[in-house]
Every structure is written in C-alpha cells, then in structure tokens.
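Heads up, the thing below is written out as structure tokens.
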Amino acid sequence: MKQRIITGLIAGVLFLGPCLAGGLWYHGLILFMSIIGYYEFVRMTKTLPWSGTALVGFIGVIVLVFPWKLLGSPFLPEPLQVIWILMLLFLFVTVFTKNSTNINQVAMHFLGSVYVGIGFSYIAESRTTPDGHGLFWTFLLLFSIWASDAGAYFTGRKWGKNKLWPAISPNKTVEGALGGVLIAIVTASLFAIFSNGLLSIGLAVVIGASAAVVGQLGDLVQSAYKRVYGIKDSGTLLPGHGGILDRCDSWITVFPFVHILMLLPFH
C-alpha cells in the first residue's frame with residue numbers, strides 16, 4: 001500500500017501539471033500514454049512490439065490521438081475513416097504474409113488499436129472543449145472515476161460479502177460496486193454545487209452514475225483479458241499499480257461513453 005500511495009502521488013503530480021496547462025502539453029502527454037498503453041496491449045498478446053501488425057496498430061493509435069486541431073493541421077482525420085482504413089491494412093497483412101500472420105492475430109491488434117486509440121483520443125478532447133471549460137469537465141470525469149474506485153475498494157473491504165464477478169475478478173463485491181456508484185454520484189454532485197450553474201444536479205447524478213458503472217465495467221474488461229493471457233498487470237511502469245492500461249482502464253471506457261451519449265453539456 002505504501003508503494004501504491006507513493007507512486008500514485010508522483011504520477012498524480014506529473015499528470016496534474018500538463019492537465020492544468022492544457023493545450024499541447026496535455027494532449028502530448030495523453031498521446032505518450034496512448035502509445036505506452038498500446039505497447040502494453042501488444043505485449044499482453046505475446047506479440048513482439050516491432051512486428052508488422054503491431055506497427056500498423058501503433059500508427060492507428062497515433063493518428064487517432066495526435067493533436068491535429070491544436071497544431072492547425074488541414075488534415076483532420078475522422079475516427080470512422082481511420083478505423084476503416086486501419087481495418088483494411090490489418091486485413092491486407094494476412095494476405096501479404098500468406099496467413100503466417102493470421103486473422104486471429106490481426107483481429108486482436110485491430111481491437112487493441114481502436115480500444116486504446118479512441119479511448120485516449122476522447123480523454124484528450126475533453127480538455128479542449130468548445131465552451132472553454134475543458135478543465136472542469138476533465139476533472140469531473142476523473143474525480144468521479146477515482147471516487148468510484150476508492151468507494152468500491154473501501155466499501156467492499158468494510159461491508160463486502162457477495163462476490164460481484166468471481167470468475168473475472170474474485171476480490172470485487174456487489175456491496176463495493178454499489179458503494180462506488182454512490183460515492184461517484186456524491187462527488188459529481190459536489191462539482192455541480194460549486195459549478196455556478198455550469199452543471200445541474202440532475203445531470204451530475206447521471207454522469208456520476210455513468211462514470212461509476214461504465215468505469216467498473218471497463219476495469220472488469222481489463223481483468224477479463226488479463227486472465228485470458230495469464231498475467232496480473234498490463235505493465236510495470238507504475239510500481240504498485242501496474243501499467244498505463246491498469247490505471248486508465250476506466251478512463252478509456254468512461255470518456256468515450258459520456259461523449260458519444262452526449263452527457264456533457266458542451267455538445
């Protein structure tokens with residue numbers, strides 16, 4: 001626990017600076033995190049990170065997360081177009097390698113590139129919103145996710161009796177999950193109270209609940225595919241925490257979810 005707290009504090013400080021600064025500082029950090037995240041995903045699939053399919057995936061992640069708008073680039077790729085081209089490139093690999101790289105391998109790397117690329121692209125986009133309150137919305141989602149994680153952990157330890165999904169994550173409990181949802185709703189509601197009318201209580205409750213439920217499902221997704229590959233952590237970058245994907249598994253599901261369902265008022 002001591003190691004987790006120390007690592008968490010150091011990582012928090014390193015993340016907070018670029019987040020407060022915004023712009024290219026923040027977007028560059030998120031791009032860097034996305035590259036590491038995809039590297040971890042590739043390693044989990046027991047594939048060499050410099051293999052042909054992995055390199056295609058890295059290109060896809062970079063194109064999806066790259067700060068095109070902030071740099072004033074005339075090239076503004078649409079995510080759907082990028083995903084389609086990326087899929088074709090992966091499928092072409094199976095042909096060019098005469099199936100020495102088969103459909104199962106490219107399917108996993110394609111899934112990983114979309115999972116990581118789209119997830120981190122929405123994390124970056126939340127900081128630069130049209131209404132000029134990107135820092136507020138970013139903190140709202142992050143603190144709701146963190147509140148859910150902390151609430152689930154401490155509630156589960158105190159009152160947890162019924163296992164939530166033992167085949168996937170044996171330590172999680174129903175009581176912990178519900179506690180996480182409640183704490184996330186309270187946290188989001190506090191943001192609404194101090195937002196000077198920027199966020200209503202009703203919408204805050206929906207966002208807090210969404211962050212908790214989708215975030216916990218994102219964590220279970222990570223647990224599920226780590227079990228398939230027989231590993232405990234996605235990486236070792238953060239001692240006591242694991243890798244980037246271990247720490248951001250909830251982020252890369254929650255941020256796209258609230259954007260796509262237009263739960264944030266700036267849409």
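For segment 29-126, taking the reciprocal of the average inverse distance between every pair of different Cα atoms yields a Kirkwood hydrodynamic radius of 13.6 Å.
Sequentially through segment 146-157, phi angles give Karplus couplings (6.51, -1.76, 1.60; θ = phi - 60°) of 5, 5, 5, 4, 5, x, 5, 5, 6, 5, x, 5 Hz, Gly and Pro residues having no value and appearing as x. Evaluated at q = 0.14, 0.17, 0.20 Å⁻¹, the base-10 log of the normalised Debye intensity for segment 132-226, with identical point scatterers placed on the Cα atoms, takes the values -0.50, -0.69, -0.87. In this simple spin-label approximation, residue 87 and residue 68 carry label points 7 Å from Cα along the Cα→Cβ vector, and these lie 1.8 nm apart. As a fraction of the 1.4 Å probe accessible area of segment 1-157, surface on carbon and sulfur atoms comes out at 73 percent. Solvent-accessible surface of the chain, taken per residue with a 1.4 Å probe and all protein chains present: 52 Å².
Legend: distances between Cα atoms for 69/232; 163/232; 46/69; 46/98; pairs beyond 27 Å are 69/232; 46/69.
Considering only the Cα atoms of the chain, their convex hull presents on average a projected area of 14.8 nm². Annotation: amide H-H contacts under 5 Å for residue 165 (H modelled 1.01 Å from N, sequence separation of 5 or more, or interchain): 172. About its Cα centre, the dipole of the chain is roughly 760 debye, where the only charges are +1 on Lys and Arg Cβ and -1 on Asp and Glu Cβ. Backbone geometry of segment 90-106 corresponds, through the Karplus equation with coefficients 6.51, -1.76 and 1.60 at θ = phi - 60°, to 3J(HN,Hα) couplings of 5, 5, 4, 4, 5, 6, 5, 9, 6, 6, 5, 9, 8, 4, 5, 5, 5 Hz, x marking Gly and Pro. Charge dipole (Cα centre; +1 on Lys/Arg Cβ, -1 on Asp/Glu Cβ; no other charges) of segment 1-143 amounts to roughly 420 debye. Estimated from helical segments only, the mean residue ellipticity of the chain at 222 nm is -23500 deg cm²/dmol, where each DSSP H run of four or more residues counts as -39500 (n - 2.57). A compact globular protein would have a Cα radius of gyration near 2.2 N^0.38 Å; the ratio found for segment 166-217 is 1.32. For residue 51 and residue 5, the difference between the fully extended length at 0.36 nm per residue and the C-alpha to C-alpha distance is 13.0 nm.
The values are calculated or read from the model by the stated rules, or taken from the named source; none is laboratory data. On a predicted model such as this, the values are computed, not experimentally measured, just so you know. Ideal geometry is used to build each Cβ from the backbone, glycine not excepted, and the neighbour counts take in all protein chains shown. When the accessible area is computed, the model is the full protein with side chains, heavy atoms only, and any ligands, DNA or RNA have been set aside. Shrake-Rupley method; radii C 1.70, N 1.55, O 1.52, S 1.80 Å.
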